[in-house]
Every structure is written in structure tokens, then in C-alpha cells.
Amino acid sequence: MAEGNRLAAAIRVDGVSHVYRPPRGKPVLALDKISLEVREREFLALLGPSGCGKSTLLYLMGGFMPISQGSIYVGERAVTAPGPDRGVVFQHFALFPWKTVRQNVLYGLEKLGLPREEQRRRAQEYIDMVKLTGFEDSYPNQLSGGMKQRAAIARTLAVDPQILLMDEPFGALDAQTRSLMQEELLSIWQRTRKTVVFVTHDVQEAVYLAERIAVMTARPGRIKTIVDSRFQEKGPGLLKSPAFVEKVDYVWNLVRQEAIAAQGGKA
Amino acid sequence: MKQSLLATAWRYTPLLLLVLIWEAGTRLGIISKWALPTFDSVAVAWFNLLESGDLIYNGAASLMRAAAGLGLAVVVGAVLGILMAWIKPVRIVFNPIVQVFYPIPKSALIPIMMLWLGFGHMSKIMLIFLGCMLPVTLSAFNGARGVDHVLIWSARSLGASWRAVLWEVITPGAMPEILAGVRTSIALSFVLLVSSELIVSREGLGYLIGWLGDGGVYNGMFAVVLTVAGLGFAADRLYLMLMRRLLVWRE
Amino acid sequence: MSEARALPGKAAEPRTDEGRAMSISGVAAQILIRSGSVIALLIGWELLARSGAFTTFLLPPLSLVLERVWDDVTSGALVVNLGLTLYRAAVGFAVAAVGGIILGVLIARIPFVHWLFDPIVSVGFPMPKIAFLPVFMLWFGLYDVSKISMVIFDSIFPVIAATVAGTQAVENQLVWSARSLGAKDRAVLWEIVMPAALPQILTGLQIALPIALIVTIVCEMLMGGEGLGGAMIQSSRFADSPGVFAGIFEIAIAGWAVIKGQEWVRRKLLVWHQETQSVATM
């Protein structure tokens, strides 16, 4: 399956289908034989309209739901359960509200069984990295949305996962905070070079952050097409460049049809 | 329709199991018959009590008391709560009374009622009335307070008088909360009824339980205990159905 | 850190205007206003009782009742009765709390246990469980065991209901986050599910404790003997009206103290849960 590209596959999704069974009502096909390769160290966006199953696919990669049809491989191993090799960041932060920021970040480190001193040092390092120094002893309740998400990111990064699964992580933030967080995520990624799978419905966000964008169809979700989204340099200045605007327009047109279909109409 | 009937039956099957264990256990002597009469002897005793009229007579007395007390509590309580919510002088007068009585457990009023009103009907009715009034008042208060100002302004601008607004806009708006408060009161009324009848009464289901127990007629005692429990459960379920019907517009 | 800005949108708890920082005089003013009407009520009682409109039997003056309460305190009777009642209620509550939480967790997580207990809890809740008191008296005698069993029977239901609701309501994403950070099943239960369900479980316990207290008192009223309930019923049998009123007073104070105590415990345990007064922004 090498396509002239020497990068190995970090995640290989092979013919995965998923049926959603609501407690009342008929089962619905959420994902339809999805096959996808996420290359090592790349930043891949899963982009599509609401209900297209992009989050579901992410959860399957994370091992949070059982895979009934098809398979997902991370490196050599099939995904059967969650693990510290695949860190996850959710839209609504999922911080443990009864723990302080520091305690949240320490949680995964404790599970790794590192010596106490090392845990503390690492926790502080990541808290500093996300610029939350000084708020180590605050409870999530006392933090703004942006700060909560930074804490969540610190918690996830602290266990040094190879893969980062992010489910619309900036969706709950206001527009300004979102822009700042995008820049910070980009800079963290450029420094740590993890494999990132980033779910979003925001076209501009996908083009800005990702190297490749997997555009999904409306339900049942399939991969419609994969768009290359690399630019010379990614930074705030990019947003105004004509190449960028053109790309956003191009991708939006791909998504637009699906968005309309998702709402029950025709393109 | 048939499916949900089956589902309901399956849901309550553990209770059937309980009865079977009861019967088997006592029959086989695992559970002493002295402590727990066999289920069938309890059933027989129940029918005897029904036939002799004891169950009907005492049951009627109990239900009459509960209904009277509860009815008064709901009407007076709801009116008071609604008025308190929107008419300042009423609130100022009654708020301290409500605040003082709220933390007092209503069963503590049993000896006072006995003192004032003796062993008969009035002490129970008064007890239930006073005891159940508070939850209804509080629910009515909260419900009436929560009515959207916009609705009231619309009605006023259409020419409704304050009286009309109270009864035609605020009361229906407060209904969901009031109905929820009434549900609590129903359960409370049963508890107050049974407690007071166990302690001080000459008739009623609580009294009957005590009388049968003192007389050593344990299968009869169990029969009436289960009857009371069943009535409480049935009242709650029936009320729930009524409440759903009344609040259809809310769905 | 920027200035006070309360978090919007949190579910309101009853009667809280204490969310904002208040000056000392502001707090004092609040207390005065609140107790002012209660004080007015108490004064009204005294005047009404003395006016002769009611006999001492019907409405003993507040002063007489307070005198009686004081007698109870100095004679030691109050300590004995209150202590006994609280002891019974506390033991019953403790058993109901532990048993209820364990049962609640099992019901929430094991489908078979859920099936088995669901109708029992659902039927048991609206039942006037006090009707079973004569049964418990038959089984366990006339002393503490029967009273305590009744308390357990009555208090365990709200604890079970709250525990089931609390553990079931734990957000998936909290559990998933923990799992992907390396937590195994047992760790997830104790380190994530239980703390997350704590607010709701505490609410259940807060409902159960007053129930335990009042059920104890009712049992004492029926069975006599010592304890607040027994003392009260004794007074009423002797037509001792001030005694009965004194009893209500004592029960009310005990009840009030229990509720205040609960609120304090809740505040301490759920420090992280409270709306805080200032939100940091960056």
C-alpha cells in the first residue's frame, strides 16, 4: 500500500463499518466500510457535516467502542481497548472536576508508575508548556474554557502518546480563544511531531491546521476524498494568503454538498 | 401494545419471585411460620377480613381521612403559594411561618393533634392537612414565581385584570410544579395517616394492623400491612397517570 | 486574575443568595431581616397565648415552653432522650448509607442485579413503609433493633435511588479519558465513577438523614420508652401540653442542627463543585 510515500502508517483503518443502535428506534448505519491510513507524524483532519460519523470513527480508533466490522491497526497491534499510546482530547474537556489542574495532569503519570519526583517534574513541564503556570492548584470549575482545554491537552500530552485523537477540541470555545488555541496547538505539534487525528466541521480550521484532510460524506459516512493541505509555512499570516483562501473555497465546495445532504436536501 | 404489556410483566417478575420464595420458605419450614405466616394463609386472612367488613370499614375511614386532609392541603396550599408568589403583603406575612415550619418533621405534630383533637377523625385530618400543606405551598410558590413575565405582560396588555391574570395565566403556568408537589404530598399523607393510626386511633387501617398484631392474628396483620403498602403504591401510580394526562401540553 | 464574575448557567440550589461576596454589614442585615419575621412570629405566639383567647392547655405561652425546655436541659432529660434518639437514627442511617451505596452501585452496573431490584425499589419508594413497623416489632422485639431496622428500611431507598442515578450519569468521556490515560476497570470505578457520582450520592444521603430522624421518633412514639418520641407521647398521655410543645421545640432544633450540619459537610466535600466567586481569564 505504499503510494510513493516512505512514511509508515501509524493508524490503518480497514473496511470499518459501524451501526448505531438507539435505545428506541431503528438501527442506523453510521459508517460504511471506511478505509483510511493515517501516516506517522502527520496531522490529519476528519472533516464533514454533523452526523457523518467522524467522531464515531475517532472513538473507534481510540478503542472506546467495540469494532464490529472491519479492523483498525495501530502499528502492529489491532485496537481493542483504550491505551496510553492514543491520547484523547474532547470538546468538553472531560477534566476530572474534583481534581486540581496538577492532579489531573498527574493522573496518567501515576498510572505509568513513574517515580514521584519524575511525575511532578513532568507534570510541571507540561503545565508550563500549555502556559498554565500559576494555576496548578485551581479546580476546573475556576478556569475559563480556553484554560480548561489547555489543562486537558497538558494531561493528555503528559503521558507522551504517539497518537493524539482530538474531537472538535475547540468547538466549545469562543472565536478569539479558538484562534489562539489553534496557533498554540500548531506550535506544540511542530515541536513534538505527534500523529494527530483532528475531528472538525470547520473547514477553515481543517485547512489551517492539517496536512491532509479526509472529507467525509453525510451519513452513512464514507471517505469522499482526501485533500492535501500543506503549505510553505503555517502561521497566522497564512489566513490571508490567496493560496489558503482558494484551498478553503475548494474544500468547502466538497463539504457543501454533503452538508446539504445531511440536512435532508439535494445539492 | 402487547409488547409493552409483556415488558411490564417481565419488569415486575422479581416481585413474583419474592412471593414464591416466601411461600416456599415458610412451607418448607426454612422461615419460621411464627415469624412469617405462609403467603396463602395471609391471602386467606385477607379475604376473611374483606368478607367480615373489617377491611372495608377501616379502609374507608382511613381513605376518607387522607382524602379530606389532602384535599384541603392541596387547595389551601396551592392558593397560598400562588398568592405568596405574586402579592407582597401575603408573602411578608406567611414567609416566616413557612420558614419556621419547614424543618419541623410533620410526624412530630402527632402528639399535639392527639392532645387537641383526641383519638378520632379530626386529629388525623388536621395532621394531614397541616403536614401536606407545606410541600404544596412551596411548589406552588416556586411554580408561580417561575411563570414567565412575558406571559403576564401579554395578558395585561390584552386587558386582563389582576384577578384574571392570577387564575388564567399564573395558575396554569405553575401547574407542573404544583402537580409535582402534590405527588410528594400524597406519599406524605399516607405516612402521616398510618403513623397516627398506629399510635393513636380507634379505627382505620393503622389501627386494624395494631389490633390484629396485639391479638396474635399475624396472617391478618400481614394482610393489612400489604394492603396499606399496596394502596400507597397504587395511589402514586394512579396519580402519575393523571398527572401525565393533565400535563400533555407540556410534552 | 480578573474580577468577580459568577459562572452562569449552573443549576440553582434552593435558597442560595449566598453566592456573592458580601460585606459584614450586608450579612448582618440579611440575618436581621430573616430572623426579624421569625422573632415577630415568636412574639406573636407569646402575646396570643397570654391574651386569654386560648387556654394554657391549647396554647401554652412561649415562655412556659422555653422554661420547660430549659428544665429538660438542666435535669439531663434532654441529653438522655436526644442522645438515644440520635444514636438510633445514626446507626440506622449509617447502615442504610453504606448498604444503599453498595447496592446502588451494583444495581447501576450489573444488569442482573438491576433487573432483580428495580421493581422492589420502584414499588417500595411510594409505599408508606412505616406500615411495616408492627412486622419489625414482631420479628425483632420492642427495643432498639426493631426501631433501627425500620430506620434502615425507610432511609435506604433514597440512598439507592441517588446512587443509581449518580453512577449512571457519569459522562462517558470522563471514563474514556481515564481509560486512555491507562486506568483499568477497578481504578475507573473507584477513582472516576465514585467521585463523579459523589454530588448526587450526597444529595441522597441528605434526604435520608432527616428521614432517619423522623422515623426514629415515630417508632419511639409507638413503642414508648425513652427518646424524644417516647417523651413526647408520654407528655400527651398525661395531657402535659407544655411538655408536648417543648418536645416539638427540641425536635425542631435537632432537625435544624442536622440540616445545617449536612450543609457544612457538603460544602467541605464538594469544594470543587461549588460555584466559585471569581473566574480566571487569560
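The values are calculated or read from the model by the stated rules, or taken from the named source; none is laboratory data. All of these numbers come straight from a predicted model, not from anything done at the bench. Heads up, the Cβs are rebuilt from the backbone with ideal geometry, glycines too, and the neighbour counts pull from every protein chain shown.
Can you tell me which residues in the range B:47-58 are without any contact (Cβ under 8 Å) to a residue 12 or more places away in the chain and either part of a helix (DSSP H, G or I) or touching a helix residue (DSSP H, G or I) at 6+ places or on another chain (Cβ under 9 Å) (or both)? B:47, B:50, B:51, B:52, B:56 - these are the residues of the range B:47-58 that are without any contact (Cβ under 8 Å) to a residue 12 or more places away in the chain and either part of a helix (DSSP H, G or I) or touching a helix residue (DSSP H, G or I) at 6+ places or on another chain (Cβ under 9 Å) (or both).
Remark: residue C:196 matches the filter, which requires a residue to be more than 15 Å from the chain's Cα centre (by Cα) and surrounded by fewer than 24 Cβ atoms within 10 Å (Cβ to Cβ). Checking each residue in the range B:55-72 for being buried (at least 17 other Cβ atoms within 10 Å of the Cβ), over 17 Å from residue B:135 (Cβ atoms) and not aliphatic (A, V, I, L, M) picks out B:58, B:59, B:62, B:65.
Quick test for you: out of B:189, B:139, B:201, pick the one residue that is buried (at least 24 other Cβ atoms within 10 Å of the Cβ), farther than 30 Å from residue C:263 by Cα and touching a helix residue (DSSP H, G or I) at 6+ places or on another chain (Cβ under 7 Å). Step through it out loud before you land on a result.
Numbers: B:189 fails: farther than 30 Å from residue C:263 by Cα; B:139 fails: farther than 30 Å from residue C:263 by Cα.
Answer to the selection: B:201.
Scanning the range C:77-126 for residues that are touching a helix residue (DSSP H, G or I) at 6+ places or on another chain (Cβ under 6 Å), surrounded by fewer than 20 Cβ atoms within 10 Å (Cβ to Cβ) and aromatic (Phe, Trp, Tyr) yields C:117, C:125. Counting only helices (runs of 4 or more DSSP H) that sit completely within the range B:112-185, those holding 2 or more residues that are in contact (Cβ under 8 Å) with a residue 60 or more places away in the chain correspond to B:121-145.
Looking at the range A:101-142, which of its residues are in a loop (DSSP other than H, G, I, E, B) and either in contact with a helix residue (DSSP H, G or I) (Cβ under 7 Å, 6 or more places away or on another chain) or more than 8 Å from every other protein chain (Cβ to nearest Cβ) (or both)? Within the range A:101-142, A:113, A:114, A:115, A:130, A:131, A:132, A:133, A:134, A:135, A:136, A:137, A:138 qualify. On the stretch given as the range A:137-154, residues that are surrounded by fewer than 19 Cβ atoms within 10 Å (Cβ to Cβ) and either over 19 Å from residue A:92 (Cβ atoms) or touching a Phe, Trp or Tyr at 6+ places or on another chain (Cβ under 9 Å) (or both) total 3. Quick one: is residue C:164 in a helix (DSSP H, G or I), touching a His at 6+ places or on another chain (Cβ under 9 Å), away from chain B (no Cβ under 12 Å) and crowded, with 21+ Cβ neighbours inside 10 Å? For residue C:164, the condition - in a helix (DSSP H, G or I), touching a His at 6+ places or on another chain (Cβ under 9 Å), away from chain B (no Cβ under 12 Å) and crowded, with 21+ Cβ neighbours inside 10 Å - is met.
Here the range C:36-57 is the region considered, the condition is being exposed (fewer than 12 other Cβ atoms within 10 Å of the Cβ) and assigned to a loop (DSSP other than H, G, I, E, B), and the residue that is nearest to the other protein chains (Cβ to nearest Cβ) is C:55.
Determine, yes or no, whether residue C:188 is surrounded by 16 or more Cβ atoms within 10 Å (Cβ to Cβ), of a type outside the set (Lys, Arg) and modelled with pLDDT under 90. So residue C:188 does not fit the description; no. Can you find even one residue in the range B:205-212 that is part of a helix (DSSP H, G or I), closer than 30 Å to residue C:142 by Cβ and free of Cβ contacts under 8 Å to residues at least 12 places away in the same chain? Scanning the range B:205-212, I find at least one residue that is part of a helix (DSSP H, G or I), closer than 30 Å to residue C:142 by Cβ and free of Cβ contacts under 8 Å to residues at least 12 places away in the same chain, so the answer is yes.
Can you tell me which residue among A:258, A:246 is assigned to a helix (DSSP H, G or I), modelled with pLDDT of 90 or more and of a type in the set (Asp, Glu)? First the steps, then the outcome.
Values: A:258 fails: modelled with pLDDT of 90 or more.
It is A:246.
Note on the range A:85-98: residues that are surrounded by fewer than 20 Cβ atoms within 10 Å (Cβ to Cβ) and out of contact with any strand residue (DSSP E or B) (no Cβ under 6 Å at 6 or more places or on another chain) total 3. Scanning the range A:23-47 for residues that are more than 20 Å from the chain's Cα centre (by Cα) and among the aliphatic types (A, V, I, L, M) returns A:28, A:29. All told, residue A:177 falls short of being of a type in the set (Val, Ile, Thr), in a loop (DSSP other than H, G, I, E, B) and closer than 19 Å to residue A:101 by Cβ. Residues that are surrounded by fewer than 17 Cβ atoms within 10 Å (Cβ to Cβ), assigned to a helix (DSSP H, G or I), assigned by TED's automatic domain parsing to the domain that holds residue B:143 and of a type in the set (D, E, K, R) do occur in the range B:73-88, at least one of them. Just wondering, is there one or more residues in the range C:170-180 that are crowded, with 22+ Cβ neighbours inside 10 Å, of a type in the set (Ser, Thr, Tyr) and closer than 23 Å to residue C:255 by Cα? No, there is no match, as no residue in the range C:170-180 is crowded, with 22+ Cβ neighbours inside 10 Å, of a type in the set (Ser, Thr, Tyr) and closer than 23 Å to residue C:255 by Cα.
Looking only at the range C:94-116, decide whether some residue is more than 14 Å from chain B (Cβ to nearest Cβ) and closer than 16 Å to residue C:257 by Cβ. Taking every residue of the range C:94-116 in turn, none turns out to be more than 14 Å from chain B (Cβ to nearest Cβ) and closer than 16 Å to residue C:257 by Cβ. Filter the range B:130-150 down to the residues that are polar (S, T, N, Q) and in contact with an Asp or Glu (Cβ under 7 Å, 6 or more places away or on another chain) and list them by number. Within the range B:130-150, B:139, B:142 qualify.
Residues checked against (1) of a type in the set (A, V, I, L, M, F, W, C); (2) in contact (Cβ under 8 Å) with a residue 12 or more places away in the chain:
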site: A:70; (1), (2): no, yes
site: A:78; (1), (2): yes, no
site: A:88; (1), (2): yes, yes
site: A:120; (1), (2): no, yes
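Just one of (1) within 17 Å of residue B:112 (Cβ to Cβ); (2) in a helix (DSSP H, G or I) fails for residue C:266. It is (1). Residues in the range B:20-46 that are loosely packed, with under 12 Cβ neighbours inside 10 Å and assigned to a helix (DSSP H, G or I): B:20 only.
With the structure loaded, tell me whether residue B:220 is crowded, with 21+ Cβ neighbours inside 10 Å and small (Gly, Ala, Ser) or whether it fails that test. Against the criterion (crowded, with 21+ Cβ neighbours inside 10 Å and small (Gly, Ala, Ser)), residue B:220 qualifies.
Yes/no matrix, rows are residues, columns are (1) within 14 Å of chain C (Cβ to nearest Cβ); (2) touching a Phe, Trp or Tyr at 6+ places or on another chain (Cβ under 7 Å); (3) modelled with pLDDT of 90 or more; (4) under 22 Å from residue B:219 (Cβ atoms):
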position: B:35; (1), (2), (3), (4): yes, yes, no, yes
position: B:42; (1), (2), (3), (4): yes, yes, yes, yes
position: B:48; (1), (2), (3), (4): no, no, yes, yes
position: B:65; (1), (2), (3), (4): yes, no, yes, no
position: B:68; (1), (2), (3), (4): no, no, yes, no
position: B:74; (1), (2), (3), (4): no, no, yes, no
position: B:87; (1), (2), (3), (4): no, no, no, no
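Scanning the range A:172-194 for residues that are away from every other protein chain (no Cβ under 13 Å) and either surrounded by fewer than 16 Cβ atoms within 10 Å (Cβ to Cβ) or at pLDDT 95 or above (or both) yields A:175, A:183, A:187, A:190, A:191, A:192, A:193.
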